[in-house]
Amino acid sequence: MSAAQDLYHSKHYIQALFFGHLAIEKLLKSRIIRVTKKEPLYSHDLVVLSSHAKLMLGVKDIDFLAKINVYYIRARYQDYKKSLYKQADREFTRKELTAIKRFFKRII
């Protein structure tokens, strides 16, 4: 999460959202290891990972994770980056990172 914040302050908004996704992904994978005592799936899908982490999430949480999944895909592929550049301005990214941090702290 600190890397996401640093990227945000450096005005690298798409990369900040990407790292926000990565922070939640890594947290879910560590929880999977803790809960199952097995290696986590090779997946970047936060919804799938959350189910394997045995988190009891509501519909809003699942919808939130599905929305955050987009930042993994869009930040990695050039054709998606263009559309995200238009959307991910300072205010949009601030709101998204705030929500990501809130979720991160809840499941830690």
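Computed values, structure above
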item: Tail weight of P(r) past 17 Å, computed on alpha-carbon pairs of the stretch 1-58, percent; result: 43 percent
item: Environment charge at residue 38 (Cβ cut-off 13 Å; Lys +1, Arg +1, Asp -1, Glu -1); result: +4
item: Theoretical FRET efficiency, 1/(1+(r/R0)^6), r = Cβ-Cβ of residue 2 and residue 92, R0 25 Å, to 0.05; result: 0.75
item: Model label zone, residue 99; criterion: amide N under 12 Å from point 7 Å along Cα-to-beta-carbon; scope the stretch 30-68; result: 60-68
item: Mean shadow area of the chain, taken as a quarter of the surface of its Cα convex hull (nm²); result: 6.5 nm²
item: In sequence order, calculated HN-Hα J values of the stretch 12-29 (Karplus, 6.51, -1.76, 1.60; Hz; x Gly/Pro); result: 9, 5, 5, 5, 4, 5, 4, 5, x, 4, 4, 4, 5, 4, 5, 5, 5, 5
item: Per residue, in Å², the accessible surface of the chain once ligands and nucleic acids are set aside, probe 1.4 Å; result: 62 Å²
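The values are calculated or read from the model by the stated rules, or taken from the named source; none is laboratory data. Small disclaimer: the values here were computed from a predicted structure and weren't measured. Methodologically, a virtual Cβ is constructed for each residue, glycine included, from the backbone with ideal geometry; neighbour enumeration extends over all protein chains shown. All accessible areas refer to the heavy atoms of the entire protein, side chains included, with ligands and DNA or RNA removed. Shrake-Rupley method; radii C 1.70, N 1.55, O 1.52, S 1.80 Å.
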